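Worksheet for the structure shown next.
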């Protein structure tokens, strides 16, 4: 509890990754694909759909999966809840680092509940989005 | 946006192919989203959709409702019931509804979202805070 993991290596946000993600979530707005449209709306490059930030949360969360002291069985993990608080959209060309904090661990009815907070910022130090991820690790029963 | 305004429902059809596409795009390769064998071995009825895919589709509905005139500043949900996606061409149908709940003191507007599949509520306490641009 309260454990803070080291910052992730920078994640470089690519235009094609944003387009691929937009396709996968039926995000039809041209601001996710068309550079001219994104610039006309005041962005430096194409912007990511809101939940794209989950990629950063998962990248940081991998530290938990890899942490042997946690011993988490990934196939038993079910997503309990998710919150994003945005300072601004994620833009292609961003280099993002994520610092993960374990906010809460509890156990109820044979299942484990885990809340992590992920502070995502650019390598230059600009805050971009804060993410809270709630996971349920289902018991063997 | 007037408090009480109900937005038109948005419907999304989610098939196994969509789950594979989302897994690849997001990097979430948890086998409960593509393997019936693993899904049933951990007590699920079968392969289920990524909660984040449902959340993304609901977010897409919000983006459609508010257009380019507002920005989502906060977005949160619980995952109430899993969306079981059968291995056929039809998959599962997800219906998203939304209502303007209230105007907050900080100038944002709260939109409450409901999402159902086969009549079951799949998102709990889903809401987006949006700000006019």
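Points worth noting:
- Inclusion of residue B:2 among residues that are more than 9 Å from chain A (Cβ to nearest Cβ) and in contact with a helix residue (DSSP H, G or I) (Cβ under 6 Å, 6 or more places away or on another chain) is not warranted.
- Failed criterion for residue A:76 (all others in (1) on the phi > 0 side of the Ramachandran plot; (2) facing chain B (nearest Cβ under 9 Å) hold): (1)
- In region B:16-45, the qualifying residues are those that are in contact with a strand residue (DSSP E or B) (Cβ under 7 Å, 6 or more places away or on another chain) and in a loop (DSSP other than H, G, I, E, B), and the one that is farthest from the other protein chains (Cβ to nearest Cβ) is B:45.
- For the condition touching a residue at least 24 places away in the same chain (Cβ under 8 Å), in contact with a helix residue (DSSP H, G or I) (Cβ under 9 Å, 6 or more places away or on another chain) and either assigned to a helix (DSSP H, G or I) or surrounded by fewer than 18 Cβ atoms within 10 Å (Cβ to Cβ) (or both), residue B:86 qualifies.
- Scanning region A:9-33 for residues that are surrounded by 14 or more Cβ atoms within 10 Å (Cβ to Cβ), part of a loop (DSSP other than H, G, I, E, B) and more than 13 Å from chain B (Cβ to nearest Cβ) yields A:13, A:33.
- Scan of region B:43-52 for residues that are touching a helix residue (DSSP H, G or I) at 6+ places or on another chain (Cβ under 6 Å) and surrounded by fewer than 16 Cβ atoms within 10 Å (Cβ to Cβ), ordered by number: B:46
- Residues in region B:89-133 that are free of Cβ contacts under 8 Å to residues at least 40 places away in the same chain and in a loop (DSSP other than H, G, I, E, B): B:104, B:105, B:106, B:107, B:108, B:118, B:119.
Here, each number is a calculation from the coordinates, and none is a lab measurement. Given the structure is predicted, the values throughout are model-derived calculations rather than measurements. Cβ atoms come from the backbone with ideal geometry, glycine included; neighbour counts cover every protein chain shown.
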